[in-house]
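Have a look at the structure below before the remarks.
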Amino acid sequence: MCNCLVCGNKVEHVISFGDMPIANGFLPEDMFEKEKFYPLDVGFCPTCSMVQLTKLVDKEDMFNENYAYFASTSRRMVEHFKKFAYWVMETYLSEDPFVVEIGSNDGIMLQNYAKENIKHVGVEPSENVAQAAREKGINTLSCFFDKENAQKIKAEYGEADVIAGTNVMCHLPYIRSVFDGVTSLLKPQGVLIFEDPYVGDIVRRTSYDQIYDEHAFYFSVSSVSYLAGMHGLEVIDALPQNVHGGSMRYILARKGARDVSDRVREIMANEEKQGLKQLSTYQAFAANVAQNKEDLLTLLKRLKAEGKRIVGYGATSKSTTVLNYCGIGPEYIEFISDTTPIKQGKYTPGMHIPVKPYEAFVSDYPEYALLFAWNHGEEIIANETAFKDAGGKFILYVDQVRVDE
Ligand code: TMP
Ligand code: ZN
């Protein structure tokens, strides 16, 4: 039994995926022997409604100089962050603006502030992506954002109008310290804005591959409100986002400092209706996950029995959960094509499927492509008309397992 990372009360067990390798730990053959495995278990806290991992991986094992995720590999995400940055500039900046971004990766968002000469600091512990940001002229610190580092930033740069973080807040199991840092660093009217995969979408779409070591939390407006309340903050708005398979953008301010949008109440009422505050909802989700695994294996076995070639599309961190939980290795998936240079020539964590450059996919189209980067599905399927024209088909497993006809 374990205690909630947010409120400290007892967490109820929801699902065990078994032992998993580091989700982003793409590795060369000579490292197979040294690969580390950790149990991946999810729990639900009935007190604060936070869905969370109940066993954690050391953060230095995940975020280091080998971190394989460069956000700017997706054009659609570059656009998304540009829009995000300009919306923040128009809505939340004071006369003397200062913006902090937690988990600034390769500078995909802050580059927009740098371009407008707005004072900014990115906080990014993975040295390789931090360096990529610095090369674009973005002021970047290589450390984890916590209470202590927030105080250092405040001492050097002053208080922040906006502290932003996308796909990072859910990475921080020591979130109470992060929120302490946020409350000490924000101006009185300042806002914390973060965006992460939304548990309502994960449950609705059975997108269980969002569950992996980096994602310690699966937020809802209800659980974020509870967390905010513990730190003298409140959720003033919540905006659903059509990225990463369904995300939510949360905007928090000091309690009473800003108006609260009606949307917050509406979404929380919908969460109540969807059962996001009840253990039984997550137990039903666990049953759907098991069914999804069975359906995917049945399909892959049938296709292999028919002698078809299947290649993976997008060596995502999400794919690590699917491959290892379902036990899908090179006997099903010949290789996975990915545009990220650091992943190419390596193998997927745990199941050791080779990762090859995109050219390997294009030069010899398989009959089927299992779309692990399904969250970029629209962008990818629209681009892959030649694959379709050659008779190729995508296999999808989110919402349900199916072949895209
Ligand atoms: P993500 O789902 O965590 O954003 O990761 C997407 C991965 O898929 C990343 O490794 C880059 C890769 N990718 C491609 O190989 N081709 C594409 O067209 C896109 C959009 C992503
Ligand atoms: Zn709790």
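So what is the calculated 222 nm ellipticity per residue for the chain, using -39500 (n - 2.57) for each DSSP H run with n of 4 or more, over all residues, to the nearest 500 deg cm²/dmol?
-10500 deg cm²/dmol
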For the chain, what is the charge dipole size about the Cα centre, in debye to the nearest 20, if Lys and Arg each add +1 at the Cβ and Asp and Glu each add -1 at the Cβ? 560
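So which GluC sites (Glu not before Pro) in the stretch 94-133 end up in coil per DSSP with only 15 or fewer other C-beta atoms within 10 Å? Display every interim value, and only then the final one.
Numbers: sites: Glu95, Glu101, Glu116, Glu127; in loops: Glu95, Glu116.
Taking the stretch 94-133 and a limit of 15 other Cβ atoms within 10 Å, the loop GluC sites (Glu not before Pro) found are Glu95, Glu116.
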Any idea which of Tyr332, Ala386, Gln400 is furthest toward the positive side of the dipole for the stretch 307-404, if Lys and Arg beta-carbons carry +1 and Asp and Glu beta-carbons -1? Tyr332
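Mind checking which helices in the chain clear 27 Å along their axis (Cα) and have mean Kyte-Doolittle hydropathy of 0.5 or more, DSSP H runs only?
Membrane-span-like by this criterion, though nothing is claimed about a membrane: none.
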DSSP-loop GluC sites (Glu not before Pro) across the stretch 255-352, with at most 12 other Cβ within 10 angstrom: Glu306, Glu331
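Two-decimal Rg/Rh of the stretch 45-125 from alpha-carbon positions, Kirkwood Rh? Mind showing how you got there, number by number?
Working: Rg = 16.0 Å, Rh = 15.0 Å.
A ratio of 1.07.
With respect to the cross-link table entries Lys36/Lys119; Lys356/Lys388; Lys277/Lys346; Lys82/Lys255, which display a Cα-Cα separation exceeding 32 Å?
Details: Lys36/Lys119 40 Å; Lys356/Lys388 20 Å; Lys277/Lys346 41 Å; Lys82/Lys255 29 Å.
Where the Cα-Cα span goes over 32 Å, the pairs concerned are Lys36/Lys119; Lys277/Lys346.
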With charges set only on the Cβ (+1 for Lys and Arg, -1 for Asp and Glu), what does the dipole of the stretch 307-404 come to about its Cα centre, in debye to the nearest 20? 260
Which loop chymotrypsin sites (Phe, Trp or Tyr not before Pro) in the stretch 193-285, with loop taken from DSSP, have no more than 14 other Cβ atoms within 10 angstrom of their Cβ? none
Over the stretch 307-404, the quotient of the Cα radius of gyration and 2.2 N^0.38 Å is 0.97
Given Cα pairs under 8 Å that are at least 6 residues apart, what percent is the relative contact order of the stretch 224-311? 18
Taking Cα pairs under 8 Å and at least six residues apart, what relative contact order does the chain come out at, in percent? 15
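With the contact rule set at Cα under 8 Å and sequence spacing of 6 or more, what percent relative contact order holds for the stretch 307-404?
Working: 160 pairs, mean separation 27.5, N = 98.
It rounds to 28 percent for the stretch 307-404.
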Can you work out ³J(HN,Hα) from phi for every residue in the stretch 339-347, in order, using Karplus 6.51 cos²θ - 1.76 cosθ + 1.60 and θ = phi - 60°, giving whole Hz and x for Gly and Pro? 7, 7, x, 5, 8, 5, x, 9, 10
Could you give the radius of gyration (one decimal) and Dmax (whole number) of the Cα atoms in the chain, in Å? 21.0, 66
Excluding residues fewer than 8 positions from Lys304 in its own chain, the aspartates and glutamates with Cα under 12 Å of it are Glu331, Glu334, Glu367
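I need the shape label for the stretch 227-316. Rule: rounded when a/c is under 1.5, else prolate if a/b > b/c, else oblate, with a, b, c from the alpha carbon gyration tensor.
On the way: a/c = 3.91, a/b = 2.37, b/c = 1.65.
Cα axes put the stretch 227-316 in the prolate bin.
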Please list, ordered by chain and number, the residues whose modelled amide H lies under 5 Å from the amide H of Gly312; skip anything fewer than 5 residues away on the same chain. Glu334, Phe335, Ile336, Ser337, Leu370
P(r) of the stretch 141-291 over all Cα-Cα pairs, 5 Å bins starting at 0, rounded to whole percent, reads 2, 9, 18, 22, 19, 14, 9, 5, 2, 1, 0
Once amide H atoms are placed 1.01 Å from N in the peptide plane, what residues at a sequence separation of 5 or more from Lys255, or on another chain, have their amide H within under 5 Å of its amide H? Leu233, Glu234
What ³J(HN,Hα) values, in whole Hz, does the Karplus curve 6.51 cos²θ - 1.76 cosθ + 1.60 give for the stretch 386-403 when θ = phi - 60°, with x put for Gly and Pro? 5, 4, 5, 4, 7, x, x, 10, 8, 9, 10, 10, 8, 6, 8, 6, 6, 9
Hz values of 3J(HN,Hα) by residue in the stretch 98-105 - Karplus curve (6.51, -1.76, 1.60), Gly and Pro given as x: 9, 10, 10, 10, 8, x, 7, 6
Top positive-direction residue, dipole computed over the chain with Cβ charges, set Gly107, Val123, Val168: Val168
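How much length is gained if the chain between Ser184 and Ala305 is pulled fully straight, taking 0.36 nm per residue apart and subtracting their Cα-Cα distance, in nm to one decimal?
37.5 nm
Every number in this text was worked out from the coordinates using simple rules, so none of it is lab data. Only a predicted model underlies this, so the values are computations on that prediction, with no experimental measurement involved. In this analysis, Cβ positions are derived from the backbone assuming ideal geometry, glycine residues included, and neighbour counts consider all displayed protein chains.
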